[in-house]
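J.: One structure, as structure tokens, below. Some questions next.
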Amino acid sequence: MTGASGGIGESLAEGLAAGGADLVLVARSADKLDAVASGIHARHGVRVRVLPADLATADGVDEVITALDDTRVDVLIANAGVGWHGTFAEQPEDGIVQQIALNETALVRLTRAFLPGMLARGVGGVMTVASTAAFQPTPHMALYGATKAFVLSFTEALWQETRGQGVRVLALCPGPTATGFFDAAGGGSFLEGGRQSAEEVARVGLRAFSRAGGPTVVSGARNAVLASAHRFVPRGLMTRMSAMVME
Ligand SMILES: NC(=O)c1ccc[n+]([C@@H]2O[C@H](COP(=O)([O-])OP(=O)(O)OC[C@H]3O[C@@H](n4cnc5c(N)ncnc54)[C@H](OP(=O)(O)O)[C@@H]3O)[C@@H](O)[C@H]2O)c1
């Protein structure tokens with residue numbers, strides 16, 4: 001489980017542990033991971049291991065893969081992700097590189113590391129956390145939306161490739177959710193009304209993940225309607241409407 005030190009990842013970890021799963025929690029903040037791990041262990045009695053690592057670096061991803069060399073990983077939840085709010089031309093270069101490295105490269109590399117074992121055993125699953133931002137361009141969070149469109153496309157393709165082999169693949173697409181995400185993105189008051197809770201999003205994701213079904217679940221009825229708008233609204237108009245919301 002990546003990005004497990006808070007927000008949606010922490011809630012997904014809690015939900016998996018409530019179902020009896022042992023966990024490996026990954027994020028950068030060792031202290032927060034320790035606190036989450038001890039709380040989950042106390043409440044659910046499952047084994048929880050923490051692996052602090054910066055997944056925006058190649059070394060960080062290597063460390064996680066190497067540390068789990070002898071561990072049977074049945075489920076990968078690739079949840080860690082960051083956004084940046086503002087016009088792309090003003091986005092700092094290092095933030096661009098980190099965002100692509102975390103949202104795309106780490107997710108792909110971890111999937112490549114653990115999916116083959118799941119397929120060989122004929123059991124398990126990969127849940128990626130995309131976003132409703134994946135369904136249309138997101139001016140003022142241009143790169144973020146593009147990384148989530150990547151995650152959605154990648155996950156849907158894997159869903160088809162792995163069908164009928166005992167492995168569940170799902171992209172969880174939350175809409176605006178009350179976590180630390182917006183502070184980290186630099187858009188603290190952005191889309192404040194009507195955010196879902198992380199617990200609610202995790203419940204929707206885990207329910208869909210536990211059932212056979214399609215490659216994608218959008219969290220929340222209103223988000224599901226908005227995420228399907230791209231089917232009916234011309235792309236240019238959709239992009240202008242998206243810009244008004246994102247700004
Ligand atoms: N909140 C929303 O409105 C929303 C909507 C749609 C999709 N999402 C997606 O949901 C996922 C979880 O976000 P959230 O809302 O729960 O945000 P969050 O509360 O900010 O959590 C992000 C998690 O990712 C970890 N992380 C960040 N950078 C990392 C790095 N370089 N290496 C390893 N871990 C890193 C953070 O831990 P550390 O800081 O300790 O590393 C934290 O555990 C993300 O993929 C996000 O894009 C969020």
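Derivation of every value follows stated rules applied to the coordinates shown; laboratory data play no part. Not measured: the values here are computed from a predicted model. Cβ atoms come from the backbone with ideal geometry, glycine included; neighbour counts cover every protein chain shown.
J.: Let's test the formula: R0 of 45 Å, r as the Cβ-Cβ distance of LEU119 and LEU237. What FRET efficiency results, to the nearest 0.05?
T.: Efficiency, rounded to the nearest 0.05: 0.60.
J.: If you don't mind, there's one more thing I want to ask. Taking only C-alpha pairs under 8 Å that are 6+ residues apart, what is the relative contact order of the chain in percent?
T.: RCO, the chain: 19 percent.
J.: Which three lengths, in whole Å and largest first, does the chain cover when its Cα atoms are put on their principal axes?
T.: Taking the Cα atoms of the chain, the three principal extents are 49, 39, 32 Å.
J.: Okay, moving on. What chymotrypsin sites (Phe, Trp or Tyr not before Pro) does the range 52-145 have in DSSP loop regions with at most 11 other beta carbons within 10 Å?
T.: The qualifying sites: there are none.
J.: Grab the Cα-Cα distance for ARG49 and VAL97, subtract it from 0.36 nm times how many residues apart they are, and report the gain in nm with one decimal.
T.: Once the chain is fully extended between ARG49 and VAL97, it gains 14.4 nm.
J.: For q values of 0.14, 0.19 Å⁻¹, compute log₁₀ I(q)/I(0) with the Debye formula on a Cα-only model of the range 37-169, without solvent.
T.: So the normalised log intensities work out to -0.72, -1.13.
J.: Something else: How large is log10 I(q)/I(0) at q = 0.18, 0.25, 0.26 Å⁻¹ when the Debye formula is applied to the Cα atoms of the range 82-132, each weighted equally and without solvent?
T.: -0.68, -0.96, -1.00
J.: Would you tally the net charge around VAL46, using a Cβ to Cβ cut-off of less than 11 Å, leaving VAL46 out, and scoring K and R as +1, D and E as -1? Walk me through the intermediate numbers first.
T.: Details: positive: ARG43, ARG47, ARG49; negative: GLU14, ASP22.
Residues close to VAL46 contribute a combined charge of +1.
J.: Helix 58-67 versus the longest principal axis of the chain: what angle, 0 to 90°, nearest 10, using Cα atoms?
T.: Around 30 degrees separate the two axes.
J.: Here's another thing I want to ask about it. Simple spin-label model, 7 Å along Cα-to-Cβ: ALA229 to ARG72 in nm?
T.: A separation of 4.7 nm, rounded to one decimal place.
J.: Among 222-233, 42-53, 118-129, how do they line up by average Cβ neighbours within 10 Å per residue, starting with the highest? Show your work: numbers first, answer last.
T.: Values: 222-233: 14.2, 42-53: 16.2, 118-129: 19.2.
With the highest mean Cβ count within 10 Å placed first, the list reads 118-129, 42-53, 222-233.
J.: At R0 = 30 Å, how high is the FRET efficiency between GLN165 and SER210 if r is their beta carbon distance? Nearest 0.05 is fine.
T.: Working: r = 17 Å, r/R0 = 0.58.
It comes to 0.95.
J.: Of the listed peptides 178-185, 101-108, 164-171, 9-16, what is their order by residue-averaged count of other C-beta atoms within 10 Å, with the highest listed first?
T.: Numbers: 178-185: 16.4, 101-108: 21.6, 164-171: 19.5, 9-16: 24.0.
For the peptides 178-185, 101-108, 164-171, 9-16, the packing ranking is 9-16, 101-108, 164-171, 178-185.
J.: Oh, and also: Nearest 10 degrees is fine. How inclined is helix 30-44 to the longest principal axis of the chain, computing both from alpha carbons?
T.: 60 degrees
J.: Now for a different question. Which net charge results for the neighbourhood of VAL123, defined as the other residues with beta-carbon distances under 13 angstrom from its beta-carbon, given Lys and Arg at +1 and Asp and Glu at -1? Kindly include the intermediate steps, with their values, before the conclusion.
T.: Numbers: positive: ARG72, ARG121, ARG168; negative: ASP74.
Cβ neighbours under 13 Å give a net charge of +2.
J.: Taking Cα atoms, how many degrees apart are the long axis of helix 142-162 and the longest axis of the chain, rounded to 10 and kept between 0 and 90?
T.: In the chain, helix 142-162 runs at an angle near 50 degrees to the longest axis.
J.: Something else: What number, rounded to the nearest 500 deg cm²/dmol, is the helix-based mean residue ellipticity at 222 nm of the chain, given -39500 (n - 2.57) per DSSP H run of at least four residues and division by all its residues?
T.: So the helix-based figure for the chain works out to -15000 deg cm²/dmol.
J.: Around ASP74, with a cut-off of 15 angstrom between Cβ atoms, what is the net charge of the other residues, counting Lys and Arg +1 and Asp and Glu -1?
T.: Residues close to ASP74 contribute a combined charge of +3.
J.: Where the convex hull is taken over the Cα atoms of the range 129-175, what is its projected area averaged over directions, in nm²?
T.: The Cα convex hull of the range 129-175, projected and averaged over all directions, gives 3.1 nm².
J.: Sticking with this one: How compact and how long is the range 118-247, expressed as Rg and Dmax of its alpha-carbon atoms in Å?
T.: Just the Cα atoms of the range 118-247 yield Rg and Dmax of 15.4, 47 Å.
J.: A follow-up question, please. Under the rule a/c < 1.5 gives rounded, and otherwise a/b versus b/c splits prolate from oblate, where does the range 21-81 land using the Cα gyration tensor?
T.: In terms of gyration-tensor shape, oblate.
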